[in-house]
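Beneath this line is the structure, given in C-alpha cells, with notes to follow.
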Amino acid sequence: MPSLSAPIGAVMLADGAVVLAGLAVKDKVLRVARVEKDERVAWITDALPSAEWVHDSDVSVHPAGAGVIVAFRGRLEGGLARQLVRLDSRGALLGQHEAGRVACSTRAGLFWLEGRTAAWADLGEGPARAALPSPLTGEPSLFCEPSRASLIVDDEGTLSRAPLGAAVGPLAPLLSERDFDDEEREHALFHGSSGPGVFRVGASGALSITRGGATQKLSARLHDDDDLLSVDADERTLYAVATQDHEGCPAGEDASALPTTRTSRFSTSVHLLRVDLASGETTREELGRATCGHQPGPFFLGSVGGRHVLAWAERAPTGARRQRAPIPALAVRGFGSSLGDVTRRREELRADAVADAGCTDAGCAAVWLERPDGKDDREPELPRVLRYAP
C-alpha cells in the first residue's frame, strides 16, 4: 500500500474493489491504488507527476466505464489547476484533461459545468460537451443519481430540471416558491423514481416533499436548531439526517481535560427523520451523540440491499498537540423504514483524514489515513480500507 498524505479520495466499484488516490508529497505525484475485496493491492499507478498540495487541494475518485476518473485540484507544474485523469481497470493511464468545477458522478462517469454555457461528461472515453439552454436565466447546478444526471436551474426560488446526457434536454418545472405560504429556509434534492425530488424546509420549519410534479406538505416540522445534512429516499420512505448542538456534556462524560478554548462544553446529536411517502407520517429518532467536545463529520449516506447506512467521523479537539490524530472514530448506523430499526457500530481510528468510497451491492467502504502514535501530520501515512454494511 502506498504512503499518502491528505487530501485523499476513494470509490468502491461494483465488484467490491476500492480504488483510492492521494498525494505523495515527497515525490510530487498523485498516486492511485486498487485494493481488492481480499485486501490485496492489485496495482499502484503514479497518475499525475508534478502534483503538489495547496491549502484548498482536493482529490476525488469516480467510476467511469470499466475504469475510474481521478479528479485533482491543486498545484500542477507550478500553477493552480483542475485536472482529470482516466485509468483503465488495470491502472493504465488512458488520458488526462483540464476540467471546470467537478459537480457529481453517476455509476457511469463524471459530469461538470463550464460556467453558464455548457455541461461536460466523461464516461470513460474522454470528455464530451453539451450546450446549456440559451438564454439561461437563474443559477445552474448539477445533481447526480446512481444512473442519471440532471441540470438544475434555480431562478429566484423556482427550480427547473433537465436530463443531462449526450445533450441537455428541455427544462421542466420542479418546484415553485409561489406554491408555499412561507419563505424557504433550505432545501435538499433526493433521488426519485421519476427524477430528482425536493425536500423543502420553510422559515417556520414546515416540511414538504415535491416529486413527480406533486407537492406533499407534512405536519411535522424541523426544529429551529436542527442543521439539515442530507436526504435520500427509496420507493416507500424518505430519510432526512440532521444534527443538533447541545450545551454541556451527556451524563457520565467528563470534558474537563479537553484541549479547547471554548468557555462551555458542547455535544452534537445526530437525528433521523423517516417520512412515509404514501401517508406523510413522520417519525424522528436520535441515532447517536458524538463524544463530548467532538465534532461529527463528514457524513456518508448510502444504501445496500434495501437498507440505508449512515456513517460519520468524529473529530476531536487536539489543541496544540500535533502528535495525536484528530479523528479517533467512525460511527456507523444501519436503518430501515421502521422506528427503532437501527444497527450501531463504532470503529476506533487514528486518522488524519477519512474519505467516503460509497456503497454498492457488496456493501460500503471508507478509506482513512492512519497516523501512528507519536507521529505528526507532516509525514506520509498508510491508507486503510474500512468495509461496513447496514
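Any read-out appearing in this document is the output of simple, stated calculations on the displayed coordinates, not a laboratory observation. Computed from a prediction, not measured in an experiment: that's the story for all the values here. Glycine also receives a Cβ, built like all others from the backbone with ideal geometry; neighbour counts cover every protein chain displayed.
The chain has equivalent-ellipsoid semi-axes of 32, 30, 19 Å, by the square roots of 5 times the alpha carbon gyration tensor eigenvalues, sorted largest first. Across the stretch 27-44, rounded Karplus estimates of 3J(HN,Hα) from the backbone phi angles (6.51 cos²θ - 1.76 cosθ + 1.60, θ = phi - 60°) give 8, 6, 8, 8, 10, 10, 9, 10, 10, 6, 4, 8, 6, 6, 7, 6, 7, 10 Hz, Gly and Pro being marked x.
At the listed q of 0.15, 0.19, 0.22 Å⁻¹, the Debye profile of the stretch 14-144, built from one uniform point per Cα, gives log10 I(q)/I(0) equal to -0.72, -1.07, -1.31. Packing here is the average count of other Cβ atoms within 10 Å per residue, and on that basis the peptides 7-19, 25-37, 280-292, 214-226, highest first, run 7-19, 25-37, 280-292, 214-226. Note on THR215/ALA362: beta-carbon distance plugged into 1/(1 + (r/R0)^6) with R0 of 41 Å gives a FRET efficiency of 0.65. Over the stretch 100-212, the hull volume per residue, using the convex hull of the C-alpha atoms, is 98 Å³. The value given for the stretch 20-63 is a Kirkwood hydrodynamic radius of 11.3 Å, derived from the mean inverse Cα-Cα separation.
Sorting the segments 62-75, 143-156, 196-209 by their residues' average number of neighbouring beta-carbon atoms within 10 angstrom, most packed first, yields 62-75, 196-209, 143-156. With a simple spin-label model that places each label point 7 Å from the Cα along the Cα-to-Cβ direction, the separation between LEU80 and PHE299 comes to 3.0 nm.
From the alpha carbon centroid of the stretch 62-83 to that of the stretch 156-186 is 31 Å. Subtracting the Cα-Cα distance of GLU139 and ARG346 from their residue separation scaled by 0.36 nm leaves 70.5 nm.
For the chain, the dipole from Cβ point charges (+1 on Lys and Arg, -1 on Asp and Glu) about the Cα centre works out to 920 debye, to the nearest 20.
When the stretch 129-224 is described by a simple charge dipole with +1 on each Lys and Arg Cβ and -1 on each Asp and Glu Cβ, the residue from LEU218, ILE152, PRO163 located farthest towards its positive end is PRO163. Gain on full extension, evaluated as 0.36 nm per residue between TRP53 and ARG185 minus their Cα-Cα distance, stands at 43.9 nm.
Whole-Hz Karplus values for the stretch 225-231 come out as 9, 7, 10, 5, 9, 7, 9 Hz, taken residue by residue from phi with 6.51 cos²θ - 1.76 cosθ + 1.60 and θ = phi - 60°; glycine and proline positions read x.
Any idea what the dipole of the stretch 279-390 comes to, in debye rounded to 20, about its Cα centre with Lys/Arg Cβ at +1 and Asp/Glu Cβ at -1?
Computed about the Cα centre, the dipole is about 260 debye.
Distances between placed amide hydrogens fall under 5 Å for GLN216 paired with ILE209, THR210, ARG211, all partners being 5 or more residues away or on another chain. Net charge dipole, the stretch 96-226: roughly 580 debye, given to the nearest 20, about the Cα centre with Cβ charges of +1 for Lys and Arg and -1 for Asp and Glu.
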